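Accompanying notes for the structure given below.
The values are calculated or read from the model by the stated rules, or taken from the named source; none is laboratory data. These figures come from a predicted structure and were not determined experimentally. In this analysis, Cβ positions are derived from the backbone assuming ideal geometry, glycine residues included, and neighbour counts consider all displayed protein chains. Calculation scope for accessible area: heavy atoms of the full protein, side chains included, ligands and nucleic acids excluded. Shrake-Rupley method; radii C 1.70, N 1.55, O 1.52, S 1.80 Å.
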Amino acid sequence: MRIAMGCLILAAICFGIGVAPATAADPIVIRFSHVVAEDTPKGIGAQLFKERAEARLPGQVRVDIYPEERKFNDSEVVLALLFGDVEMAAPSFAKLTTFNKALRIFDLPFVFPDMAAFRRFQESPAGRELLAGKLPSGIRGLAYWDNGMRVMTATRAVRTPADAEGLVFRIEPSLVLHTQYARVGAIPQPMPFGRLFNAVRDGIIDAQENTWSNIASKNIQRMHPFVTELDHSVLGYMVITSDAFWAGLPPEIRATLTTVLAEVSAEVADIADNYARREREEVLATEGVTAIEPTAAEMAAWRDAWCPMWDEFEADIGAATLAAAVAAAGPAGSACR
Ligand code: LMR
């Protein structure tokens, strides 16, 4: 895989793949591909990035956004970046964990008790290192964008790990998430986000985990009316681009885009928090929905089921990174250690 990726970036450098051709009169076109609805934190982040970039670089840059997998799903988008079919994307961490196992920290259950802890970690030296860290050669991380804490939806009440047994659980492709649901006797079913609605509607899956805004954007709660507020992990994103494209930008344009991205990333964090609050209310107010808040004893059962995963994945993540995440979680945080 590494050799294949190495060849791809070599091809990109030698043959100009990945660099949008532009004459002096043409704007540089940035095709930004993502998988969720426009009215979600990531969808709004992409729109803000477009508006700001085009306003500050008039006539020089145009950003075309392709939401809802209109171009590529998250499993395809890394290659699409390398081949120059798009210039930017923002997959969830789960989908990048095959390239950098340390990113498994973001999927591991019970590491971050809330979004504040997650952000403290991202801003820590260990978090910054992950952003600059190993991705397929030729791909570079530009920024972190937030969504929110994960909760579960299901066709029946899931209060304890025993309740999950036998349920077909849609997961994002991720070894951590696969292990998580296999450990409780569920049947993990990896699937692109674009398939989620049909899979729920057609009864292909019995349960799934996601954020409030992703659930509300697809009305999942109407078909999965049991919503368990487990808040066991965080779904966030890495905004990525290709080295060939980014390095090929005129330096002043790259600098302006970097500034815009930093501003937008801070705003996405606020938008994510507001959406989580608002969409939680909307989901729970939907007719027929049962909200399940696990009791202390039920939470302890989830921790018993999933905390052993910390030892299992510590070597992949790195002891120092895990320790930095625990430190960022603060006194209330370290549910497993
Ligand atoms: C999912 O696949 O459920 C999420 O990662 C989608 C997204 O980008 O928020």
Of 125-134, 283-292, 94-103, ordering from highest average Cβ density within 10 Å down gives 94-103, 125-134, 283-292
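Two-decimal Rg/Rh of region 138-242 from alpha-carbon positions, Kirkwood Rh?
Value, to two decimals: 0.99.
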Taking R0 as 22 Å and r as the Cβ-Cβ distance between residue 273 and residue 128, the FRET efficiency 1/(1 + (r/R0)^6), rounded to the nearest 0.05, comes to 0.55
Spelling it out for residue 148: with amide H atoms placed in the peptide plane at 1.01 Å from N, the residues 5 or more places away or on another chain with amide H under 5 Å from its amide H are 235
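Which order, highest average first, do 35-44, 181-190, 216-225 follow once you tally other Cβ atoms within 10 Å for each residue and take the mean per peptide? Mind showing how you got there, number by number?
Working: 35-44: 22.0, 181-190: 18.1, 216-225: 20.0.
Output ranking for 35-44, 181-190, 216-225: 35-44, 216-225, 181-190.
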A chain fully extended from residue 258 to residue 291 at 0.36 nm per residue, minus the present Cα-Cα distance, gains in nm 7.8 nm
Once both label points are put 7 Å beyond Cα along the C-beta direction, the residue 300-residue 319 separation in nm becomes 3.0 nm
Restricting to lysines and to Cα separations under 26 Å from residue 50, and discarding same-chain partners fewer than 8 apart, the set is 42, 71, 95, 218
Diffing region 222-234: the Karplus 3J(HN,Hα) column from phi (6.51, -1.76, 1.60, θ = phi - 60°), in whole Hz with x for Gly and Pro, holds 5, 9, 10, x, 9, 10, 9, 8, 8, 6, 7, 7, 10
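So if I place +1 on the C-beta of Lys and Arg and -1 on the C-beta of Asp and Glu, and nothing else carries charge, what would the dipole magnitude of region 57-125 be about its Cα centre? I want it in debye, nearest 20.
Numbers: 8 positive and 10 negative charges, 47 e Å.
It works out to roughly 220 debye.
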For region 81-193 (alpha-carbon point model, no solvent) the Debye-based log₁₀ I(q)/I(0) at q = 0.13, 0.20 Å⁻¹ works out to -0.59, -1.17
Under the 7 Å Cα-to-Cβ spin-label approximation, residue 165 and residue 202 lie apart by a distance in nanometres of 3.0 nm
Amide H contacts under 5 Å for residue 28, restricted to residues at least 5 apart in sequence or on another chain and with H modeled in the peptide plane, are 61, 62
Residues of region 62-90 with backbone N under 11 Å of the label point set 7 Å from the Cα of residue 26 along Cα→Cβ are none
For region 202-219, in residue order, the Karplus 3J(HN,Hα) values (coefficients 6.51, -1.76, 1.60; θ = phi - 60°; whole Hz; Gly and Pro = x) are 8, x, 6, 10, 9, 7, 6, 10, 6, 8, 4, 5, 5, 5, 5, 5, 10, 6
Placing one equal point scatterer on each C-alpha of the chain and summing with Debye, one gets log10 I(q)/I(0) at q = 0.09 Å⁻¹ equal to -0.47
Residue 76 and residue 39 label points (each 7 Å along its Cα→Cβ direction) are spaced in nm at 2.6 nm
Residues whose modelled amide H sits under 5 Å from the amide H of residue 168, counting only those 5 or more places away in sequence or on another chain, are 187, 206, 207
The answer for the chain, accessible area per residue at 1.4 Å probe in Å², is 40 Å²
Expected vector for region 178-193, Karplus 3J(HN,Hα) from phi with 6.51, -1.76, 1.60 and θ = phi - 60°, integer Hz, x for Gly and Pro, equals 4, 4, 4, 7, 4, 5, 9, x, 7, 10, x, 10, x, 6, x, 4
Computed on Cα atoms, the radius of gyration and Dmax of region 21-136 in angstrom are 16.1, 52
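Could you rank 159, 337 by how accessible they are, 1.4 Å probe, largest area first? Please list the in-between numbers first.
Values: 159 90, 337 125 Å².
Listed by decreasing accessible area, they come as 337, 159.
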